[in-house]
Amino acid sequence: MKWLFFQNPWWSEENWEKKDKHLRDWERQRIRWVPEWIKQISLEPFSLNFVYGIRQLGKTTGIKLLIREILKKENPFAVFFFDFELVSSLREFRKIIESYLEIRRREKVDASFLFLDEVSGVREWWRVIKFLVDRGIFENDVVTVLGSSTINIIKAPERFPGRKGKGREIEVLPLSFPEFVEVKGYEPRKILYNEELIRELWNEYKQTGGFPKSINKHEDAKESFISAVISEVRKHEISAEIFEGIVEVILRKIPSALSYHSIAKEIEISHKTVREYMEFFEDSLIAKRVYWKNKYSMKRKEKKIFFRDPFIYHAFSFWTGAKFLESALYEGIVQEHLYRRFGEIYYYRNRYEIDCIAGDMKVEVKVGKPHRRYPKGVKILDEKDLPEFLIELSVS
């Protein structure tokens, strides 16, 4: 019971937010923003929301900001938050939920907002929530489930067919370049006519990406990210050594297309193991596989791989000591932005190569002048064209 009051200080303290570590750290940031994704959370009962994303993006801080707003109108005991990071057993998980339900009954609370953070470490946590949903215990409530390990979160909604009510699935990603421009205090469209400013912001984004710690120039940003990734790797009982080896090979080889066999050969493991680890990369929103496609078919044999934020390239390079080509970074940034815009991303290679195919767009990213002619309709982008292209893509 002490843990419940410790994690819900608003039950007993009026100025709880002044002592809350997440909110104090947020207030101290030179560059801070209220994340847009918290506005997507349904607060209308009944709702079962799922929020997932990479660690170090400030999901818990975002929830604390939301709780602060909710408490301006609600009974303090109507809001329940619990970080399940140190909880591993389903029995303990159930006991914590039941303890809160008893507290709210005692406090005569009819409708609640429950925020269940880092549940992904609790195997089959969904069984308890599903049981309570089926029995109508949450019919007047909003339940929001959060996790960094998307493997145990993304697939959870599949276990709640017809049970999410008005709830939503929300993917938390690092800031895109246009979003980065906004948190730096500029209107993306307006800076298109200021070549010096757009170049300055672009050069910064290439290094920091869209992570709060890196944007705020924290000295431990890379170490914190790597530590969080390794923690997630170990939580899922996979080898940190193999994970690092695969990262190192990918960094050296991209932007070339790769097969599982070629990666496996470099670190002397099976191609099946590489495929399993790549699924972890993708499920964890760390990297994305891009398959070959023409207008007739799609092939999965050789695929391009990109990391989903510039900062991830730099953090992984710092960790493994492997260097990556500038062209890989630029191509990856374009692939990520196109994927967010169209929900798909492919490449094509025959007599010529097209790096990015998404929706009705075909884009080739070049460092320096292209050495061949491309078919009509292929947009050729040099590094200096990228910031303008990314901004125009977001407003088109």
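The values are calculated or read from the model by the stated rules, or taken from the named source; none is laboratory data. These numbers come from a predicted model, not from an experiment. Using ideal geometry, Cβ is built from the backbone for each residue, glycine included, and neighbour counts are taken over all protein chains shown. With ligands, DNA and RNA removed, areas are computed over all heavy atoms of the protein, side chains included. Shrake-Rupley method; radii C 1.70, N 1.55, O 1.52, S 1.80 Å.
Observations, loosely collected:
- Single unsatisfied condition, Val143 versus (1) modelled with pLDDT of 90 or more; (2) farther than 30 Å from Arg32 by Cα: (2)
- Residues considered: Val334, Val367, Val290, Val395. Of these, the only one that is modelled with pLDDT of 95 or more, under 22 Å from Glu200 (Cβ atoms) and in contact with a helix residue (DSSP H, G or I) (Cβ under 8 Å, 6 or more places away or on another chain) is Val334.
- Cβ pairs under 8 Å, 6+ apart, first in the range 305-332 and within 13 Å of Lys253 (Cβ to Cβ) and in contact (Cβ under 8 Å) with a residue 60 or more places away in the chain, second surrounded by fewer than 21 Cβ atoms within 10 Å (Cβ to Cβ) and basic (Lys, Arg): Ala322/Arg252; Lys323/Arg252; Phe324/Arg252; Ser327/Lys366
- Taking the range 249-273 as the range and being farther than 19 Å from Arg308 by Cβ and either among the hydrophobic types (A, V, I, L, M, F, W, C) or open to solvent by less than 10 Å² (accessible area, probe 1.4 Å) (or both) as the test, the residues that pass are Ala264, Ile267, Ile269.
- Taken together, Val367, Val395, Val378 contain a single residue that is under 18 Å from Lys253 (Cα atoms), out of contact with any Cys (no Cβ under 6 Å at 6 or more places or on another chain) and of a type in the set (A, V, I, L, M), which is Val367.
- From the options Arg68, Arg24, Arg55, residue that is under 24 Å from Lys222 (Cβ atoms), at pLDDT 95 or above and of a type in the set (Lys, Arg): Arg24
- Test for Glu139: is it in a loop (DSSP other than H, G, I, E, B), touching a residue at least 60 places away in the same chain (Cβ under 8 Å) and open to solvent by 10 Å² or more (accessible area, probe 1.4 Å): yes
- Residue match in the range 235-248 (condition: open to solvent by less than 50 Å² (accessible area, probe 1.4 Å), hydroxyl-bearing (Ser, Thr, Tyr) and in a helix (DSSP H, G or I)): no
- Extreme residue, least open to solvent (accessible area, probe 1.4 Å), among residues of the range 11-32 that are without any contact (Cβ under 8 Å) to a residue 24 or more places away in the chain and in a helix (DSSP H, G or I): Trp16
- Across the range 182-234, the qualifying residues are those that are touching a Leu at 6+ places or on another chain (Cβ under 9 Å) and open to solvent by 70 Å² or more (accessible area, probe 1.4 Å), and the one among them that is nearest to Tyr313 (Cα to Cα) is Glu182.
- Scanning the range 58-84 for residues that are among the acidic types (Asp, Glu), under 19 Å from Tyr100 (Cα atoms) and free of Cβ contacts under 8 Å to residues at least 60 places away in the same chain yields a single hit, Glu74.
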